[in-house]
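What follows is a single structure, written as structure tokens, with notes after it.
The values are calculated or read from the model by the stated rules, or taken from the named source; none is laboratory data. Here the structure is a predicted model, which means the values were calculated and not measured. Cβ: placed from backbone, ideal geometry, glycine included. Neighbour counts: every protein chain shown.
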Amino acid sequence: MATLRRLATTRNLLRAAGVGIICVAFALALTYRPSIAPIDPPNPGSFTEAEVARGAVLATLGDCAVCHTAPGGSPLAGARALATPFGTLYSNNLTPDIQTGIGTWSKVAFRRAMRDGVARDGSHLYPALPYEHFTHVADADLDAIYAFLMTRRPVHQAAPPNKLIFPTGFRPILAGWKMMFLHKEPISNDPTRTDEWNRGAYLVEGLGHCGGCHTPRNIAGGEIGSHAYSGGVAEGWRAPALDSSNPAVRAWTTAALYRYLRTGVSPNHGVAAGPMGPVVEGLSKAPEADVRAIATYIASKMAGRSGRMPVSHFPSNSQRDAASSFPEGATLFAGACAGCHAPGAPMLGQGRASLSYNSALRDSEPVSAVQAILQGIEPPVEGRGPKMPSFASNLTDQQIAQVANYARARFTDQKPWRDLERDVAQARKDGAKP
């Protein structure tokens, strides 16, 4: 009997080992991607001037330099810290350096990275590179971007090691992420729409990857497709909804969006701040037709929003009521903010938006309003436009909560934000992340 039991135990162990080997083999097959042979760096003269110029435009529309340029660093040389819920990633070097950049990458390797999120050596890339959007980009456009990058000055700069929480630093698990969230449906032209609208759809859904910031994400970091463009978070700021739930007082028109995307300013809405500033800076140099196409497409997504009360002014007692509710905020506003934001301030005579139209003040989430106070606002286009100083070192969390809720009470018809001091503390912490 003992012999029979030993044999049964041995058979069970062998079965378990067999199942384990099959699982390991399946996991390896799932995660394995072959390397693509390196090439000698292409001669810059092998690309036509027209293709390089087109690639420069497309790289601008895709915001390549925004993420792949460290503060004070060489353009496109990477090493910029990107804060995520899973830790800090550092962007890769996109210059044609043969050791630290993509100088040995072929067109095929570049396309695979952009569409599949797989590096030349076969390693999986993190979706901070928005390949779930770039998968919609045409071969000819990817090749033009490749031509542009391969004609830049090589910069020898390696990115620092990523600092991610366990187990997200284990790259093979990204294969499972891609199975759930990387969808490769093509962007087809809608014959019922204009050529301009279809061009906008291609740019917004593809290279522009607007949904990467303006769509909420689930716990795994994947975009929630059923809530596309209903608002998200980017670098500690709130990316507002670009659908019919957008909180703006006045509906965004194509013309208003075009002006905003080119200049960062809309008199009836506000100014570009936080991560949107660099986006506007790039679009200010992009072809006019492409920016109009983007505005046309996004305006169509916002269509159907419910009407809101026109707010040229609020009841005369709103200032008194707001001060009664938030007395410290009223005092701080009078000293630090009224010079620019009070009715009749010179700034408002220069085409700047009144706080009555500010979407961040009307939003259900206080994130962007708080970050604007903490971090300030820089002119997005070559030093032109609104500038607001940072108050992070001048005001406490409690004081910022007071002034933010005072401004919301005085200039909007929305209820005060609750537990705002806690949100300010979190925003301050998020803003301090690399």
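Let's see how each residue does on (1) under 23 Å from the mean Cα position of the chain (by Cα); (2) at pLDDT below 90:
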site: W252; (1), (2): yes, no
site: Y260; (1), (2): yes, no
site: S306; (1), (2): no, yes
site: S312; (1), (2): no, yes
site: A330; (1), (2): no, no
site: A338; (1), (2): no, no
site: A345; (1), (2): no, yes
site: Q350; (1), (2): no, yes
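Of all residues in the stretch 182-202, those that are under 21 Å from E132 (Cβ atoms) and in contact (Cβ under 8 Å) with a residue 60 or more places away in the chain have Cβ atoms under 6 Å from Cβ atoms of residues that are surrounded by 11 or more Cβ atoms within 10 Å (Cβ to Cβ) and charged (D, E, K, R), 6 or more apart or on another chain, in L182/E132.
How many of the residues making up the stretch 338-374 are of a type in the set (K, R) and outside any loop (DSSP other than H, G, I, E, B)? Steps first, answer last, please.
Step one: filter the stretch 338-374 for residues of a type in the set (K, R), giving 352, 362.
Within this subset, residues satisfying the condition of being outside any loop (DSSP other than H, G, I, E, B) are 362.
So the answer is 1.
Do we find a residue being buried (at least 18 other Cβ atoms within 10 Å of the Cβ) and over 21 Å from the mean Cα position of the chain (by Cα) anywhere in the stretch 369-385? Yes. Looking at the stretch 137-163 only, could you name the residues that are surrounded by fewer than 19 Cβ atoms within 10 Å (Cβ to Cβ) and over 18 Å from P75 (Cβ atoms)? If the condition is that a residue be surrounded by fewer than 19 Cβ atoms within 10 Å (Cβ to Cβ) and over 18 Å from P75 (Cβ atoms), then A138, D139, A140, D143, P160, P161, N162, K163 are the ones that fit. Only a single criterion out of (1) closer than 29 Å to M179 by Cα; (2) of a type in the set (A, V, I, L, M, F, W, C); (3) surrounded by 22 or more Cβ atoms within 10 Å (Cβ to Cβ) is not satisfied by L76, namely (1).
Candidates are the residues of the stretch 410-434 that are crowded, with 18+ Cβ neighbours inside 10 Å and either in contact with a Lys or Arg (Cβ under 7 Å, 6 or more places away or on another chain) or not in a helix (DSSP H, G or I) (or both); the one that is modelled with the highest pLDDT is W417. Condition first: touching a residue at least 60 places away in the same chain (Cβ under 8 Å), part of a loop (DSSP other than H, G, I, E, B), buried (at least 18 other Cβ atoms within 10 Å of the Cβ) and outside the structural domain of P85 (by TED's automatic domain parsing). Can you find one or more residues in the stretch 391-409 that meet it? Yes, there is a match, as at least one residue in the stretch 391-409 is touching a residue at least 60 places away in the same chain (Cβ under 8 Å), part of a loop (DSSP other than H, G, I, E, B), buried (at least 18 other Cβ atoms within 10 Å of the Cβ) and outside the structural domain of P85 (by TED's automatic domain parsing). Can you confirm whether the stretch 81-97 contains a residue that is within 30 Å of P216 (Cα to Cα), in contact with a Phe, Trp or Tyr (Cβ under 7 Å, 6 or more places away or on another chain) and surrounded by 19 or more Cβ atoms within 10 Å (Cβ to Cβ)? Yes, the stretch 81-97 has at least one match.
Looking at A256, A286, A299, A273, which is the one that is closer than 18 Å to V381 by Cβ and either assigned to a helix (DSSP H, G or I) or of a type in the set (S, T, Y) (or both)? Steps first, please.
Working: A286 fails: either assigned to a helix (DSSP H, G or I) or of a type in the set (S, T, Y) (or both); A299 fails: closer than 18 Å to V381 by Cβ; A273 fails: either assigned to a helix (DSSP H, G or I) or of a type in the set (S, T, Y) (or both).
Unique residue meeting the criteria: A256.
How many residues are within 14 Å of A295 (Cα to Cα), outside any loop (DSSP other than H, G, I, E, B) and small (G, A, S) if we restrict to the stretch 166-221? Qualifying residue count, the stretch 166-221: 2.
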